[in-house]
Amino acid sequence: MAAAWESGSQGERRLGELLQKMEALGYRHLADRSMPVSPANIDHLLVGPPGVFVIDAKAWSGDVHVRDGDLRQGGRSRRRAIDSARTAASTVAAALEVLPEKVDVRPALCFVGAARLGQAHFIDKVKLVDEDGLGSWIRQFPDKLDARSIEEVRQLLLSVFPAKVEDHGAGVEVHEPPELVVYLVPWKRGGKHRLYVRSNDGADVGYLDLVSGHCSSPSAEWEAILAQLLPHYLKGDTPGLRKEDLTEEAQGVIRRFLDSLRGRRSQARPPERPIIACYRWKRHGKDRLYLSRLAPGGKKVDLGSFDLDSGMLRANGPGVTATLGYCGRRFQELEQQRLDLD
């Protein structure tokens, strides 16, 4: 096992070195990038004259081959790896749609461990290639982007897919952020599906019913905060909270609720304020808190996540670990208080 791990580790280093060397040919390499609002990551993004290459390194062992249009390792289907590569490429392509010119995005699985294909393949537009064949595959495509366009694409990818930074929360200095902190907790039971909003002192301050569209809040102040929060969590880009969770009737109720709040121009209505929104995602044996900074005017910046089981932090960029650590630990304290009361 140790030998297999070391072989894969060396292969991944070789791949990183290969992609780094391609910068002499006008390419730009971004390694280990975070996916927006997702626990997944992208091993390598390579931006160059042909476009963008989304590369997932696979340090597998044993036998790997393609049979009947399916990727198999040790006799088992590895279809999920193909689907993940396509999803990552689609996410990158969607992020690049804001640019004035179309940028080609090509996904690849690159085998860097003991398991090798020998012959390259395509499955559902995903290139399957051994590490020694990756460079020639990339260089075969015609140039479409000049140096200025490459840098523009690179800067956009840097902002949308920040570097993945992980640390253990136990050694991180934490402090309460100056923004209002709220916790969003999905709840599903008996045909009901709600998104509860809790304050930093643990009080339930409102909820959105995802079935009926009913919005409940105990005060005008929290009603206004709900109106600022909800649009960010109804776009279908939040883990566990999809657009199809809302019926058409519920969407109509929510729109009317938000329109009603926006239409109140009296001085009594509190202005929008900076908010740290912490969304709990619990699925597939994992329990995480995803943090976003919501600014007045509708801007949302994903800060990273706090693993509620292990205490691991995953920060989307520098300067946010103290906030991640504080909110994660505070949520754990509030959950423990609830358990003690029960």
| note | Among Pro318, Phe306, Leu339, the residue whose Cα sits farthest towards the positive end of the charge dipole of segment 292-342 (+1 at Cβ of Lys and Arg, -1 at Cβ of Asp and Glu, taken about the Cα centre) is Pro318
| task | Mind ranking 71-81, 318-328 by how tightly packed they are, going by the mean number of other C-beta atoms within 10 angstrom, highest first? | result | 318-328, 71-81
| query | When the accessible area of segment 35-117 is split by element with a 1.4 Å probe, what percent falls to carbon and sulfur? | reply | 45
| Gain in span if fully extended, Lys102 to Ser219, counting 0.36 nm per residue against the direct Cα distance | 37.4 nm
| request: Mind giving me the FRET efficiency for Glu335 and Thr87? R0 is 35 Å, r the Cβ-Cβ distance, nearest 0.05 is fine. | output: 0.65
| query | Under 5 Å between amide H atoms, partner at least 5 residues away or on a different chain: which partners does Val181 have, H built in plane at 1.01 Å? | reply | Asn200, Ile276
| query | Relative to the present Cα-Cα distance, how much length would full extension add between Arg67 and Lys188 at 0.36 nm per residue of separation? | reply | 39.5 nm
| remark: Taking the dipole of segment 109-222 about the Cα centre (Lys, Arg +1; Asp, Glu -1; charges at Cβ), the one of Val126, Phe141, Pro186 that reaches farthest to the positive side is Val126
| request: Quantify, in whole percent, the carbon and sulfur part of the accessible surface of segment 119-202 (1.4 Å probe; protein heavy atoms only). | output: 48
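The values are calculated or read from the model by the stated rules, or taken from the named source; none is laboratory data. Keep in mind that this is a model prediction, so the values were computed, not measured. Note that each Cβ is placed from the backbone with ideal geometry, even for glycine, and that neighbours are counted across all protein chains shown. Quick note on the areas: whole protein, heavy atoms, side chains included, nothing else; ligands and nucleic acids left out. Shrake-Rupley method; radii C 1.70, N 1.55, O 1.52, S 1.80 Å.
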